[in-house]
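Working notes, beginning with the structure itself.
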Ligand SMILES: *Cc1c(COP(=O)(O)O)cnc(C)c1O
């Protein structure tokens with residue numbers, strides 16, 4: 001399969017080129033030349049064996065020209081060695097089952113582990129000349145950097161340079177980036193997140209330097225982060241089907257489920273839309289946002305008006321101009337009506353997020369991160385409006401990463417998983433640089 005840029009469908013790119021470029025030369029996002037279809041009977045029988053068997057079947061449709069099944073399987077196995085469970089936490093007031101799919105059991109406890117891990121392993125598999133060295137350069141305000149660092153950890157031939165603003169990331173996030181070592185190089189920048197982003201941009205625009213060093217980004221719009229995010233929709237559906245409609249597994253028609261996705265850059269939800277286009281029986285998506293409700297507003301009015309983001313307690317979703325909006329448009333042939341047919345919007349305030357966290361804790365004994373609580377709120381609202389019962393929400397981060405938000409609400413200390421608490425006792429290593437891309441340039445050439 002080849003890939004095009006959503007801004008110019010005439011030029012086609014190989015998977016390898018699209019992956020190494022990240023963004024298309026015209027600034028567009030890469031999309032698959034056509035959307036392959038899956039056989040649901042196959043998905044169901046493969047998922048019964050293992051997540052990986054099912055995942056290889058789906059990814060092979062996009063990557064089969066470039067990598068054989070065995071290589072895809074190896075890469076996915078290394079990238080996703082953790083569970084992606086669908087959890088039933090109880091029943092709503094009207095007796096409807098409440099399910100959430102927990103995407104946060106990876107190494108950094110966030111759903112971004114899936115995409116970042118797959119990108120690391122698949123990029124390595126695509127490197128034709130194994131002696132070739134590649135630098136992944138990324139700026140982070142916290143979460144993305146740690147997932148990318150972990151996803152590329154110890155991959156031969158690839159160095160990761162991650163920039164973060166001094167004093168602006170949590171101690172845990174800092175540990176996640178600075179205690180890995182080996183091929184992960186953390187840089188503490190004496191400036192803001194915007195300085196970090198500007199420095200990275202200046203490096204990418206520096207043609208002279210890019211002739212000397214092979215540098216690319218691991219941005220969330222990269223095809224290799226995006227495509228694998230469709231996998232857990234298939235797997236979650238299969239788990240839900242077994243739990244709710246076990247008798248229908250062999251039937252000709254399969255029940256449909258609606259999925260609420262806590263969203264910021266809309267990479268996650270647009271990967272779900274891809275899964276639906278491939279044939280997964282999803283009824284609707286609920287685009288669940290915090291106060292940054294650009295997409296829910298768009299769904300209401302048909303007008304897309306990006307604006308500066310506002311800070312919320314679900315801060316990984318504080319995005320004012322979601323980059324995957326263009327991907328959604330492309331998936332739906334630029335039709336606003338087609339998007340609305342498949343998608344509802346929902347947004348809530350910080351106060352409502354806290355209320356959601358408290359309700360989950362008090363009614364169901366379930367501790368939720370603030371982002372996931374947006375998903376819960378969206379499901380509750382949707383169930384009440386539509387009387388539907390077949391709805392699930394995605395949980396995108398482990399609550400232990402947001403104790404400063406959760407503890408004051410529940411009055412209870414969230415339990416920190418060992419893989420995170422172990423990090424806090426380790427000594428981090430990092431370089432400290434002034435916010436000047438000339439200095440970063442020297443760092444990269446000396447690496
Ligand atoms: C990144 C992130 C999101 C938003 O995902 P998008 O794909 O950008 O919409 C939601 N929750 C958490 C915890 C995240 O880290």
Query raised in the report: Which members of segment 390-413 meet the condition of being touching a strand residue (DSSP E or B) at 6+ places or on another chain (Cβ under 7 Å) and more than 14 Å from the ligand (Cβ to nearest atom)?
Result: 390, 391, 392
Report task. Scan segment 85-98 and give yes if some residue there is closer than 20 Å to residue 123 by Cα and in contact with a helix residue (DSSP H, G or I) (Cβ under 9 Å, 6 or more places away or on another chain), otherwise no. Result -> no
Report summary line: Checked segment 1-41 for anything out of contact with any strand residue (DSSP E or B) (no Cβ under 7 Å at 6 or more places or on another chain) and surrounded by fewer than 13 Cβ atoms within 10 Å (Cβ to Cβ); matches are 8, 9, 10, 25, 27, 34, 37, 39, 41
Report summary line: Residues in segment 280-312 that are modelled with pLDDT of 95 or more and either buried (at least 16 other Cβ atoms within 10 Å of the Cβ) or in contact with a helix residue (DSSP H, G or I) (Cβ under 6 Å, 6 or more places away or on another chain) (or both) total 20
Query raised in the report: Consider residue 118 against the criteria (1) more than 16 Å from the ligand (Cβ to nearest atom); (2) closer than 26 Å to residue 423 by Cα: it satisfies all of them except one. Which criterion is unmet?
Result: (1)
Requested in this report: Output yes when any residue across segment 319-342 is assigned to a helix (DSSP H, G or I) and under 30 Å from residue 178 (Cβ atoms), and no when none is.
Outcome: no
Query raised in the report: Is there a residue being within 16 Å of the ligand (Cβ to nearest atom), in contact (Cβ under 8 Å) with a residue 60 or more places away in the chain and within 14 Å of the chain's Cα centre (by Cα) anywhere in segment 146-162?
Result: yes
Report summary line: Of the conditions (1) closer than 20 Å to residue 272 by Cβ; (2) within 16 Å of the ligand (Cβ to nearest atom), the single one that residue 108 does not satisfy is (1)
Report task. Select the helices (runs of 4 or more DSSP H) contained entirely in segment 189-267, then report the ones holding at least 1 residues which are more than 30 Å from residue 60 (Cβ to Cβ). Result -> 193-204, 207-212
Query raised in the report: Inside segment 72-103, can you point out the residues that are within 18 Å of residue 57 (Cα to Cα) and in a loop (DSSP other than H, G, I, E, B)?
Result: 80, 81, 84
Query raised in the report: With respect to the numbered conditions (1) surrounded by fewer than 18 Cβ atoms within 10 Å (Cβ to Cβ); (2) over 26 Å from residue 121 (Cα atoms); (3) in contact with a helix residue (DSSP H, G or I) (Cβ under 6 Å, 6 or more places away or on another chain), which one is the sole condition not fulfilled by residue 247?
Result: (3)
Report task. Quickly run through segment 314-346 and pick out the residues that are away from the ligand (no atom under 15 Å from the Cβ) and either crowded, with 17+ Cβ neighbours inside 10 Å or in contact (Cβ under 8 Å) with a residue 60 or more places away in the chain (or both). Result -> 329, 330, 332, 339, 342, 344
Requested in this report: Please find, within segment 253-272, the residue that is farthest from the ligand (Cβ to nearest atom) out of those that are modelled with pLDDT under 95 and farther than 21 Å from residue 310 by Cα.
Outcome: 253
Requested in this report: Output the number of residues of segment 299-313 satisfying the condition of being part of a helix (DSSP H, G or I) and within 16 Å of the ligand (Cβ to nearest atom).
Outcome: 1
Report summary line: Here the residues within segment 117-145 that are modelled with pLDDT under 95, part of a helix (DSSP H, G or I) and out of contact with any strand residue (DSSP E or B) (no Cβ under 8 Å at 6 or more places or on another chain) are 125, 126
**Report entry** Condition check for residue 120: in contact (Cβ under 8 Å) with a residue 24 or more places away in the chain and within 28 Å of residue 377 (Cα to Cα)
**Finding:** no
Query - Index of the failed condition, residue 95 passing every other in (1) more than 27 Å from residue 35 (Cα to Cα); (2) modelled with pLDDT of 95 or more; (3) within 16 Å of the ligand (Cβ to nearest atom) - result: (3)
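The values are calculated or read from the model by the stated rules, or taken from the named source; none is laboratory data. Note that this is a predicted model, so its numbers are computed, not measured. Please note: Cβ atoms are built from the backbone with ideal geometry, for glycine as well, and neighbour counts cover all protein chains shown.
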